[in-house]
Amino acid sequence: MATARATTYLQLTSEELADIDWDLAVIGAGPVGVSAALLAARAPYNKKVILIDAPRNSGALMNEATGEDLSIGGPTGLFSKALRDAGKRISVSSLKGMGLRDDSVWNEVVTSCLELASCNARDTVRQLEYAGITYVQGNAAFADSGGSSSLFVTAEDNSITTIQASKTLLATGSTPFRPGGIPFDGKRVFDSDSINTLSYLPKSVAIVGSGIIAIEFAKIFKNLGADVTLIIRDDIPRNALMKIGLDKDIAATLVADLVRSGINIERGAQVKKFHVPRDNAKAPIVLDLEAKGGGTRASGAATTVKCDIYLAAVGRKPNTASLNLQAAGVKTDSYGGVEVDCELKATSTGGNVYAAGDVLGRPFLASTGMAQGFAAVRIMFDGEASSATSGGYSNSDMCSVGDLSMTGDSFDPKSLAANPFAFPVGVWSSPEAAYYGLSTQQCKDMGIDAAEGVALYAECLRGLVFSPNGLLKLVYDKSNGQIVGVHICGDDACELIHYGMELVKAERTIDDILKNLYSAVTFHEMYRIAAMAAVDGAGARKRRAAVGKALAARNRGIKE
């Protein structure tokens, strides 16, 4: 049998790999798979772990010159985060003003992204080596006749290695949903993974989608100097964002920033037909637009959009099609997501297959997936769910959400995405947005008499000077002042939200915040300003109106 490609502190042949009885085989080397493998290999478990991944088949970042997998251990959105960071540090307009050509500018941007990704990848490989984990690149699938303990790993040269493992963790992540009728080619028409392979700096970009990924890429390409058109089916952009969980004011702030940035939003629209030039790479793509659901758009609305590239960011689906799950008796839902119980165990013939992360479906977040991976490993090798939970997310009741402040390691995949207290959500756009807990509308739906305290970024000194556009909102129970939700839009929102999460989980009140002392010239001062607004609503509204008026004048001055 040919030698499979294995990376470990010992270089193993296919025969040697096949001769080892592995305690755990982890399929998928994203953040979920890597973190779970490390937990199992280290004390107190000290298990023999093999990590299997097929980076070229996942739309991930590759360094073609060296063959290095730049996405190992990184989240699905690693490329977009790197692009966002590059857009902040590299002034495209300045480079162009110095006479640099577009290809030179794009090379500078891509080099920055590759350096960031390479740093993360090499650190991950070092951790795997120190833990004694064997890393194999190849396509893993359950063997037709081997039950749920036997895996075939097919390498790039089509050689096959057989792996025997006592337990298997499926952590293969997700892939972009590709609607029919879109001529994806990976050159000018992309999904949210294949955009990783973009080889030039586009002057104009059309993005279809109204969720987190679409918003992130819209701001990224705008910051890189492109003209951006965002095509959404909803007539009101704010409503589209509210459907994915954002508070109405946070959603409105994000949309206002998109408009203020010069991003064109085509509302209530969808693409009817694509005209992609095949013989002229410089000719624009022409998109024919129609009204949502079909038919002619309203008078005055655009009927065509021209762009250099098109990006479809319309959701993701579990990546399970190539695993031959039926051979192991593993059941999936209609979307391809692995069906598991509250111990994250799949319905395998041997009762030894577990799954974690995007492979289960929503919420498609690295943080929740890693928590699931940790829980699965503990359940595998402790024999029971870990008691080291934060609040005790109950396993005893099959889809129990628990009370308002409960979360923990043992996630129920069916109710996790709908539980506002299970995890914080971050939108890595510019500005950032984040939330944890309930919105006012959710409180109303649950019969909680709730109110809000709002602070504008421009009301605190740091915000006024450095980042005036944004807001922080506290949602609290009027009966006792207990904070049940925190919603933020502005710089560092994805960092600030974790303090808000602790306020909610610790059942802190508006009075508790007012008694705290916050360092001057920090964004955290907004928590106290929002609490003050909760007890003096009329005065707070007057202050926000005055600040908002001054900010609007300032923004107009900057624009002019």
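The values are calculated or read from the model by the stated rules, or taken from the named source; none is laboratory data. Everything quoted here is computed from the prediction, not taken from an experiment. In this analysis, Cβ positions are derived from the backbone assuming ideal geometry, glycine residues included, and neighbour counts consider all displayed protein chains. When the accessible area is computed, the model is the full protein with side chains, heavy atoms only, and any ligands, DNA or RNA have been set aside. Shrake-Rupley method; radii C 1.70, N 1.55, O 1.52, S 1.80 Å.
What single numbered condition from (1) at pLDDT 95 or above; (2) more than 26 Å from PRO179 (Cβ to Cβ) fails to hold for ASN264? Just one mismatch for ASN264, condition (2).
Within segment 221-234, track down each residue that is over 14 Å from VAL259 (Cα atoms) and at pLDDT below 90. Those that are over 14 Å from VAL259 (Cα atoms) and at pLDDT below 90: LEU224, GLY225.
Checking the condition surrounded by fewer than 18 Cβ atoms within 10 Å (Cβ to Cβ) and part of a helix (DSSP H, G or I), which residue from ALA540, ALA534, ALA552 passes? If you could, list the steps in order and put the result at the bottom.
Details: ALA540 fails: surrounded by fewer than 18 Cβ atoms within 10 Å (Cβ to Cβ); ALA534 fails: surrounded by fewer than 18 Cβ atoms within 10 Å (Cβ to Cβ).
The match here is ALA552.
No other residue among SER479, SER519, SER467 is within 25 Å of ILE212 (Cα to Cα), among the hydroxyl-bearing types (Ser, Thr, Tyr) and surrounded by fewer than 24 Cβ atoms within 10 Å (Cβ to Cβ) apart from SER467.
Using the structure shown, decide if ASP492 is open to solvent by 20 Å² or more (accessible area, probe 1.4 Å), over 22 Å from VAL535 (Cβ atoms) and either in contact with a Gly (Cβ under 8 Å, 6 or more places away or on another chain) or of a type outside the set (A, V, I, L, M, F, W, C) (or both). If you could, list the steps in order and put the result at the bottom.
Numbers: open to solvent by 20 Å² or more (accessible area, probe 1.4 Å): yes; over 22 Å from VAL535 (Cβ atoms): yes; either in contact with a Gly (Cβ under 8 Å, 6 or more places away or on another chain) or of a type outside the set (A, V, I, L, M, F, W, C) (or both): yes.
Against the criterion (open to solvent by 20 Å² or more (accessible area, probe 1.4 Å), over 22 Å from VAL535 (Cβ atoms) and either in contact with a Gly (Cβ under 8 Å, 6 or more places away or on another chain) or of a type outside the set (A, V, I, L, M, F, W, C) (or both)), ASP492 qualifies.
Pairing residues of segment 11-39 that are on the phi < 0 side of the Ramachandran plot with residues that are open to solvent by 10 Å² or more (accessible area, probe 1.4 Å) and among the charged types (D, E, K, R), at Cβ distances under 7 Å and at least 6 apart in sequence or on separate chains, gives ILE20/LYS48; TRP22/LYS48; ASP23/LYS47; ASP23/LYS48; ASP23/LYS167; LEU24/LYS47; LEU24/LYS167; ALA29/ASP53. Has segment 41-56 got any residue that is modelled with pLDDT under 80 and under 27 Å from the mean Cα position of the chain (by Cα)? Yes, because at least one residue in segment 41-56 is modelled with pLDDT under 80 and under 27 Å from the mean Cα position of the chain (by Cα).
Can you name the residue in segment 424-475 that is part of a loop (DSSP other than H, G, I, E, B) and within 22 Å of the chain's Cα centre (by Cα) and, of all such residues, is farthest from CYS489 (Cα to Cα)? If we take residues in segment 424-475 being part of a loop (DSSP other than H, G, I, E, B) and within 22 Å of the chain's Cα centre (by Cα), then LEU438 is farthest from CYS489 (Cα to Cα). Taking the listed residues GLU156, GLU129, the one that is open to solvent by 10 Å² or more (accessible area, probe 1.4 Å), within 20 Å of ASP53 (Cα to Cα), touching a residue at least 60 places away in the same chain (Cβ under 8 Å) and part of a helix (DSSP H, G or I) is GLU129, with no other qualifying. You will find that of LEU224, LEU246, LEU254, LEU241, the residue that is farther than 27 Å from CYS443 by Cα and surrounded by 18 or more Cβ atoms within 10 Å (Cβ to Cβ) is LEU224 and no other.
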